[in-house]
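Q: The structure's right below; bear with me while I get my questions together.
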Amino acid sequence: MKELMMDKMTFAVSAKCEGTVTTATSSEHKLVIDADAEMGGKGMGPNPMETVLSALAACENITARLIAQEMEFDLQGIDFEITAELDPQGVMGDLNIRTYFEKVEVKAVLQTTESDDRIQALKQAVERRCPAYGMVKAANVEMIDLWVKA
């Protein structure tokens with residue numbers, strides 16, 4: 001495998017906050033994030049944890065497309081359904097309970113002509129190389145992954 005030498009990437013976001021509403025700006029893109037009503041928010045955007053799951057889906061998609069190209073894998077499309085469990089007692093102050101996800105379940109549905117073995121090879125490569133997946137996994141979150149053909 002040819003090794004690519006690339007400079008490190010830097011990511012930057014500025015965020016303006018008004019009450020529970022946060023408007024994050026990166027380059028020319030804006031993202032509005034808010035707390036759910038039961039947490040005192042106005043529901044003006046996804047909550048922070050939904051945003052984390054959305055970023056995970058986007059990162060896995062981008063990584064899958066990069067790897068599919070390397071593998072000459074016929075990836076016509078990919079859709080994700082992601083759910084996660086979090087015990088809110090940690091956020092509410094119980095120091096014995098973690099404040100982040102305990103479990104994340106990822107279901108990826110691929111539009112492809114590839115075999116199940118090739119789908120699993122792509123899945124495993126994405127799990128190894130996706131930055132967002134790696135961060136969640138490194139936090140000792142139980143990851144349950146199912147990749148299937150549409």
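The values are calculated or read from the model by the stated rules, or taken from the named source; none is laboratory data. The shown structure was predicted, so the numbers you read here are calculated from the model rather than taken from an experiment. Glycine gets a Cβ as well: all are built from the backbone with ideal geometry, and neighbour counts include every protein chain shown. What goes into the accessible areas is simple: the full protein's heavy atoms, side chains included, and nothing from ligands, DNA or RNA. Shrake-Rupley method; radii C 1.70, N 1.55, O 1.52, S 1.80 Å.
Q: State all residues of the range 22-67 that are in contact with a strand residue (DSSP E or B) (Cβ under 6 Å, 6 or more places away or on another chain), farther than 27 Å from residue 108 by Cβ and surrounded by 14 or more Cβ atoms within 10 Å (Cβ to Cβ); if no residue qualifies, say none.
A: The answer is 22, 23, 34, 44.
Q: Say we look at the range 101-150 and pick out the residues that are assigned to a loop (DSSP other than H, G, I, E, B) and not acidic (Asp, Glu); which of these is nearest to residue 86 (Cα to Cα)? Show your work before the answer.
A: Kept after step one, since they are assigned to a loop (DSSP other than H, G, I, E, B), are these residues of the range 101-150: 101-102, 113-115, 130, 139-141, 150.
If we keep only those that are not acidic (Asp, Glu) as well, we get 101, 113, 115, 130, 139-141, 150.
Working: 101: 5, 113: 36, 115: 35, 130: 22, 139: 13, 140: 13, 141: 10, 150: 29 Å.
Here the answer is 101.
Q: To continue, here is another question. Within the range 73-110, restricting attention to residues that are under 13 Å from the mean Cα position of the chain (by Cα) and open to solvent by 70 Å² or more (accessible area, probe 1.4 Å), which residue is nearest to residue 136 (Cα to Cα)?
A: 105
Q: Now a separate question. Within the set of pairs 6 or more residues apart or between chains, which connect a residue that is under 23 Å from residue 55 (Cα atoms) inside the range 84-101 to a residue that is charged (D, E, K, R) with Cβ atoms less than 7 Å apart?
A: Filtered contacts from the range 84-101: 84/103; 85/102; 85/103; 86/102; 87/102; 90/98; 101/85.
Q: Which numbered condition trips up residue 70, out of (1) touching a strand residue (DSSP E or B) at 6+ places or on another chain (Cβ under 6 Å); (2) surrounded by fewer than 14 Cβ atoms within 10 Å (Cβ to Cβ)?
A: Tallying (1) touching a strand residue (DSSP E or B) at 6+ places or on another chain (Cβ under 6 Å); (2) surrounded by fewer than 14 Cβ atoms within 10 Å (Cβ to Cβ), residue 70 fails exactly one: (1).
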